[in-house]
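Worksheet: the structure to be examined is printed underneath.
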Amino acid sequence: MAETWELAEGVEVVELDGDVELPVRCFLLKEDEKRILVDTGYGETVPQLLNILEKRRLSSIVLTHLHIDHSGGALAVKKAKNVPIIYHRLELETLNQAINLDKSIHRMFADVSVDFLQEALHVLKVLPAPDFFAEDGMAMSMWRLMHTPGHTPGHVILVGENHAITGDLILLKETSNVAYVPLPGYHPLRNYLESLVKVASLDVEMLVPSHGPLIKDPMPRVREIFSHHRERLRQAATALEKGRTSIREVAEEIRWSKGSFSSLTPLDKWLALLETISHLDFLAETGYAIPGNSLTYTLSNNPDWRNIEQKLEQLSNGIYRP
Ligand SMILES: [Zn+2]
Ligand SMILES: [Zn+2]
């Protein structure tokens, strides 16, 4: 059953669990006599959340991003409370991409069951349209929104005086999925690492993620995450060196946290394929690989691993040395 506790004055944390894969947190931030609700949990946790919201007046709903563990309750809360809902424009564009799945992506996933996507899309199709778009730097009560792309293109966090509510950007026990989305100018892994460094460098006492333990000292975790992606880049590079060119062939050469590619569930295969593209895109941006047609990649004429390490070190702003 849901539990609420006070993180600081005017900052209430709602822990939603029960029959869900991964427990998730929502937040109630004081705004005069009302509360801003940050994220809405899963569809399954709506009764728990509505029960808690019964005694509270809301001023608005902010969604850090549109994954179903954050946006699944949005329609129900909007209906019950009739308040503006706010999320980033790029989340809406990503959603439209997912609904009109790009044909080349469809081909690529032809042999992976996508039934689970239909289920997720069902929730997302009924998501209320945003009343306002979340913008980088926008003030909300005592908090400031920060656009932190990478986990998703329009992921936002809320930065307060002593705490930052960081959504799925940085988790202590898991590495956030960094999924490719075909949006112009979007480079998921580079953007993710940039966001990570920006957030780790905030002058706050604590980062408060949506899942798992709170993060007091983010630097060691940031180093681990850099090193995790360096290792995946290395594995993707090795696959290209062996002549693998399709996204799937490269994904099969990567060691995934949950096991080999073939042993993953359809959902995890899908996430692994999208994350593989993010790594290949990083290799392409640094001159190690060349993108081909239909999401294939080949080794460039002059692949130099030192360029990758230099790029990682430069992005980390001195936090990480390969
Ligand atoms: Zn997420
Ligand atoms: Zn999440």
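Counting residues in region 129-147 that are in a loop (DSSP other than H, G, I, E, B), more than 16 Å from ligand 2 (Cβ to nearest atom), more than 11 Å from the chain's Cα centre (by Cα) and more than 22 Å from K30 (Cα to Cα) gives one or more. Exactly one residue out of V181, V199 is within 16 Å of ligand 1 (Cβ to nearest atom), assigned to a loop (DSSP other than H, G, I, E, B) and touching a helix residue (DSSP H, G or I) at 6+ places or on another chain (Cβ under 9 Å), and it is V181. I'm trying to understand the selection: among the residues of region 63-82, which are in contact with a helix residue (DSSP H, G or I) (Cβ under 8 Å, 6 or more places away or on another chain) and part of a loop (DSSP other than H, G, I, E, B)? Listed by number, the residues that qualify are L63, T64, H65, L66, G72, G73. With the requirement that a residue be away from ligand 2 (no atom under 13 Å from the Cβ), touching a helix residue (DSSP H, G or I) at 6+ places or on another chain (Cβ under 8 Å) and at pLDDT 95 or above, what does region 13-27 give you? Answer for region 13-27, where residues must be away from ligand 2 (no atom under 13 Å from the Cβ), touching a helix residue (DSSP H, G or I) at 6+ places or on another chain (Cβ under 8 Å) and at pLDDT 95 or above: just V14.
Kindly establish whether L90 is touching a helix residue (DSSP H, G or I) at 6+ places or on another chain (Cβ under 7 Å), assigned by TED's automatic domain parsing to the domain that holds G154, assigned to a helix (DSSP H, G or I) and modelled with pLDDT of 80 or more. No, not satisfied.
Listed residues I52, I36; which is away from ligand 2 (no atom under 16 Å from the Cβ), more than 23 Å from the chain's Cα centre (by Cα) and either at pLDDT 95 or above or not in a loop (DSSP other than H, G, I, E, B) (or both)?
Every option except I52 fails the conditions.
Note on region 1-15: residues that are without any contact (Cβ under 8 Å) to a residue 60 or more places away in the chain and under 17 Å from L171 (Cα atoms) total 1.
The values are calculated or read from the model by the stated rules, or taken from the named source; none is laboratory data. This structure is a prediction, so every number in the text was calculated from the model and none was measured. Note that we place each Cβ from the backbone using ideal geometry, even for glycine, and neighbour counts take in every protein chain shown.
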